[in-house]
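The values are calculated or read from the model by the stated rules, or taken from the named source; none is laboratory data. From a predicted model like this one, the values you see are computed outputs, not experimental measurements. No Cβ is skipped: glycine too gets one built from the backbone with ideal geometry, and neighbour counts run over all protein chains shown. Only protein heavy atoms, including side chains, enter the accessible area calculation; ligands, DNA and RNA are left aside. Shrake-Rupley method; radii C 1.70, N 1.55, O 1.52, S 1.80 Å.
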Amino acid sequence: MSKLNKKQNKTYLLLPLIAVLCIGWAGSWDELKSTAGTVTSVTAAFRQEKHLKILARPLISEGVFYYQAPRSLRWEYTHPVQSILLMHDGSVKRYVQTASGLEMERSAGLDAMQVVLDEITRWLQGRFDESEMFAAQLEGAGRIVLTPKEKGFKEIIQRIEIHLAEEPGMIRDVFIFESPEAYTHMLFSDTTLNTPIDASIFREVP
């Protein structure tokens, strides 16, 4: 696999995660990190809209997200096709819908996910300005712009815009601009913070 393809695989794995990994409203990096430190768990519903110039209407996906500090995560698409990504105690698993039901996926992409765990941890701690993969700018109150540092990544993602909600610990939406003709818009609702989540959520699938 070429170096560019490996980067591309890592970036695609990041797409569904980037949208929810901004914890806390703030006007400075220090405030963002301080607020992020108070968040122990996040539960939210999401709606993902994939916009392409060739499509009259966007492709819509929906699902739910769970996060428990320090490194447990469940990202589950429930519609139109079910798939589940689990991260717990450093272990990453992905389940995809098949004709016989949900089955664990075994691919090189999961190895790439391990590589980005440190990056994800930094984001969950509000340490966007310490990212190794993205240059981060806090543009006004509640808006963060991430730009890939390497040219190879810029060919996959031009930039990411994260809009924080006014309430600390919540976000409003995220735009992932892949090209002038393609972008992904993610919107969040029913967000709950600091509520205990059973560990089985991060280890088991239905």
Residue within region 104-124 that is farther than 23 Å from ILE84 by Cβ, part of a loop (DSSP other than H, G, I, E, B), open to solvent by less than 40 Å² (accessible area, probe 1.4 Å) and modelled with pLDDT under 85 present: no
Matching entry among ARG47, ARG74 (being basic (Lys, Arg), open to solvent by less than 40 Å² (accessible area, probe 1.4 Å) and within 13 Å of the chain's Cα centre (by Cα)): ARG74
Selection count where residues are open to solvent by less than 50 Å² (accessible area, probe 1.4 Å) and closer than 20 Å to GLU62 by Cβ, scope region 83-97: 6
Failed item, numbered, when GLN137 is tested on (1) of a type outside the set (Asp, Glu); (2) at pLDDT 80 or above; (3) open to solvent by 40 Å² or more (accessible area, probe 1.4 Å); (4) in a loop (DSSP other than H, G, I, E, B): (4)
Region 50-65, subset under 17 Å from the mean Cα position of the chain (by Cα) and modelled with pLDDT of 90 or more, residue most open to solvent (accessible area, probe 1.4 Å): GLU62
LEU193 within 18 Å of SER41 (Cα to Cα) and open to solvent by less than 30 Å² (accessible area, probe 1.4 Å): no
